[in-house]
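To start, the structure under review is shown below, and the notes come after it.
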Amino acid sequence: MREVKHFINGEFVGSASGKLFDNINPATGQKIGIVHEAGAPEVDAAVTAAQAALQGDWGKMPLAERADLLHKLADGITARFDEFLEAECLDTGKPQKLACHIDIPRGAANFKVFADVVKNVPTESFMLDTPDGAGALNYSLRKPKGVIAVISPWNLPLLLMTWKVGPALACGNTVVVKPSEETPFTTALLGEVMNEVGIPKGVYNVIHGFGPNSAGEFLTRHKGVDGITFTGETGTGSAIMKAAADDITDISFELGGKNPAIVFADCDMDKAIEGTLRSAFANCGQVCLGTERVYVERPVYDAFVSRLKAGTENLKLGKWDDPETDMGPLISQEHREKVLSYYQKAVDEGGTVVTGGGTPEMSADLAQGAWVEPTIWTGLSDDAACVREEIFGPCCHIRPFDTEEEAIELANSTEYGLATAIWTENVSRAHRVAGRIDAGIVWVNSWFLRDLRTPFGGAKQSGIGREGGVHSLEFYTELKNICIKL
Ligand code: NAD
């Protein structure tokens, strides 16, 4: 049983209120930890420590030294790889096959990538003509924004948290992180690595707890916070935006999605099937970029449905440490109820269940876990709830289309705009269609292939702003222009 405390000013501390909550392994339903819940005093202490660190060694540290420390931090995660892996898998139930390729290595890489980006970004300079003929020189400087509140979700806990903490620290900010209440382990573990590699006290702070009227809301309403970066549901983004409005605090949002895949008849069918199996079912469908709507050109529709069905029925559900496991459970019983309610709605709305649609038979030790079957539907109308609303489970609806124009229209007919996957071997079509998709990220013949230097974020209700590469600097720094009259 782990006891998870806050990490404030370089030390692990409990809550003054003594409030605790349980941490459950979603694969077994067993309690695996107790977590301290932060109240206003802990949030205040964390923000104060973060403010003080800006004035101390961290604020004065040369960029090269800061970047070196972030490289050491990444190496420190890698040195304790197995501990991070186990913590992440116990917290989420996800298979180690996934986490050892994505969550932990990418969680570490985020520190190196942004340390290197920040070292290599120029700022701009303009000469201005003036009436006296002497001119003026403008140049800009980037300064850290200050104390950044990082609020992260449970689906890729370490990866999505360091995706924000990496650039924040690389730019010279300090952070207060509020991880999801479902997945506190790796964010806490990272505190130990911070101390091991010598990151100054107060640079990285963690407070645990829930959203409304708990650690999350206290943090977003704290007057000492200079920017809020958030990944999570669109509805939560709206609540945080309201909290941020009081003090005009800057925000960066990565929100929900209802992502389409478009499969053209000229695709490489093997690639399209393999890619869609991943995009619909990886991480038990709990990936913001995941595919929940699949549009398939009519001549290959039947073949696609039957091959995706066969692939889905081959997925092995099981324990995180079984190397054969393809899919773990959902994050919680609460989320399972939500996903199962959509499974019911699909039937009520007249859909055909191609495969799945219920709960699987698991072994006795996993019987209390949050398991659901990977599920495919066909035959739902375009306005069905399962076609319009983000479910965030291992499920997708497949619908045929006849023309390229129709496919684009269907893909774009959503209030979200995060990601789209296009499957075609026709290069002209790939460019033509990709350009017309209303989303922040379009993949052609791949999915979740991420170059961390590229912009990442959502259009429409899927987010505000872009992070990744130099784009992260837009949020994590204040750009200041200096104008010198010559
Ligand atoms: P969530 O919005 O329920 O919670 C995210 C975080 O916000 C948690 O730490 C939670 O405690 C906190 N929170 C909740 N209410 C709050 C409030 N009022 N004030 C401050 N903090 C609050 O999201 P989730 O269920 O953890 O994650 C799943 C969602 O995240 C899905 O909608 C998914 O699409 C989205 N997501 C988006 C991306 C992306 O990059 N666009 C990536 C991953 C997940």
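Can you tell me which residue within the stretch 208-222, out of those that are small (Gly, Ala, Ser) and assigned to a loop (DSSP other than H, G, I, E, B), is nearest to the ligand (Cβ to nearest atom)? Among them, the one singled out is GLY211. The residue of the stretch 399-427 that is nearest to the ligand (Cβ to nearest atom), among those that are in a loop (DSSP other than H, G, I, E, B) and buried (at least 17 other Cβ atoms within 10 Å of the Cβ), is LEU418. Checked against (1) touching a Cys at 6+ places or on another chain (Cβ under 8 Å); (2) without any contact (Cβ under 8 Å) to a residue 40 or more places away in the chain, LEU330 passes all but condition (2). Among the residues in the stretch 344-351, are any outside any helix (DSSP H, G or I) and crowded, with 20+ Cβ neighbours inside 10 Å? Yes: the stretch 344-351 contains one or more residues that are outside any helix (DSSP H, G or I) and crowded, with 20+ Cβ neighbours inside 10 Å. Go through (1) free of Cβ contacts under 8 Å to residues at least 40 places away in the same chain; (2) within 26 Å of HIS101 (Cβ to Cβ); (3) open to solvent by less than 60 Å² (accessible area, probe 1.4 Å) and name the single condition LEU449 misses. All conditions are met except number (3). Of all the listed residues (ASN205, ASN195), the sole one being part of a helix (DSSP H, G or I) and within 23 Å of GLN55 (Cα to Cα) is ASN195. Listed by first and then second residue, the pairs with beta-carbon distance under 7 Å, at least 6 apart or on different chains, first residue in the stretch 378-401 and small (Gly, Ala, Ser), second assigned to a strand (DSSP E or B), are GLY379/THR352.
Evaluate the stretch 45-53: report whether one residue or more is out of contact with any Gly (no Cβ under 7 Å at 6 or more places or on another chain), modelled with pLDDT of 95 or more and open to solvent by less than 30 Å² (accessible area, probe 1.4 Å). Checked the stretch 45-53: at least one residue is out of contact with any Gly (no Cβ under 7 Å at 6 or more places or on another chain), modelled with pLDDT of 95 or more and open to solvent by less than 30 Å² (accessible area, probe 1.4 Å).
Within the stretch 312-343, if we keep just the residues that are assigned to a helix (DSSP H, G or I) and hydroxyl-bearing (Ser, Thr, Tyr), the residue that is surrounded by the fewest Cβ atoms within 10 Å (Cβ to Cβ) turns out to be SER341.
The listed residues are GLY133, GLY172, and the only one of them that is assigned to a loop (DSSP other than H, G, I, E, B), open to solvent by less than 10 Å² (accessible area, probe 1.4 Å) and more than 14 Å from the ligand (Cβ to nearest atom) turns out to be GLY172. Within the stretch 235-270, being touching a strand residue (DSSP E or B) at 6+ places or on another chain (Cβ under 7 Å), open to solvent by 10 Å² or more (accessible area, probe 1.4 Å), more than 8 Å from the ligand (Cβ to nearest atom) and not acidic (Asp, Glu) holds for MET241, THR249, ILE251, ALA265, CYS267.
Filter the stretch 302-327 for residues that are without any contact (Cβ under 8 Å) to a residue 40 or more places away in the chain and under 23 Å from ILE24 (Cα atoms) and give the result. Passing the criteria: only LYS316. Residues that are open to solvent by less than 40 Å² (accessible area, probe 1.4 Å) and either within 16 Å of the ligand (Cβ to nearest atom) or hydrophobic (A, V, I, L, M, F, W, C) (or both) within the stretch 466-486 comprise GLU467, GLY468, GLY469, SER472, LEU473, PHE475, listed in sequence order. Which of the following residues is open to solvent by less than 40 Å² (accessible area, probe 1.4 Å) and in contact with a Gly (Cβ under 9 Å, 6 or more places away or on another chain): GLY59, GLY39? Every option except GLY39 fails the conditions. Only helices (runs of 4 or more DSSP H) whose full extent lies in the stretch 26-103 are considered here, and the ones with at least 3 residues that are without any contact (Cβ under 8 Å) to a residue 60 or more places away in the chain are 40-55, 63-79, 81-92. If only residues of the stretch 10-24 that are more than 19 Å from GLU192 (Cβ to Cβ) and part of a loop (DSSP other than H, G, I, E, B) are counted, the one that is least open to solvent (accessible area, probe 1.4 Å) is SER15. Of all residues in the stretch 245-283, those satisfying the criterion of being assigned to a helix (DSSP H, G or I) and either among the basic types (Lys, Arg) or touching a Phe, Trp or Tyr at 6+ places or on another chain (Cβ under 9 Å) (or both) are MET269, LYS271, ALA272, ILE273, GLY275, THR276, ARG278, SER279, ALA282. Just one of the numbered conditions (1) assigned to a helix (DSSP H, G or I); (2) in contact (Cβ under 8 Å) with a residue 24 or more places away in the chain; (3) open to solvent by less than 60 Å² (accessible area, probe 1.4 Å) is not true of ALA430: (2). Go over the candidates GLY191, GLY232 one by one and state the one that is within 12 Å of the ligand (Cβ to nearest atom) and within 30 Å of LYS319 (Cβ to Cβ). Exactly one of GLY191, GLY232 is within 12 Å of the ligand (Cβ to nearest atom) and within 30 Å of LYS319 (Cβ to Cβ), namely GLY232.
The values are calculated or read from the model by the stated rules, or taken from the named source; none is laboratory data. The structure presented is a predicted model; accordingly, all values stated were derived computationally and were not measured. Please note: Cβ atoms are built from the backbone with ideal geometry, for glycine as well, and neighbour counts cover all protein chains shown. The accessibility values were calculated without ligands, DNA or RNA, using every heavy atom of the protein model including side chains. Shrake-Rupley method; radii C 1.70, N 1.55, O 1.52, S 1.80 Å.
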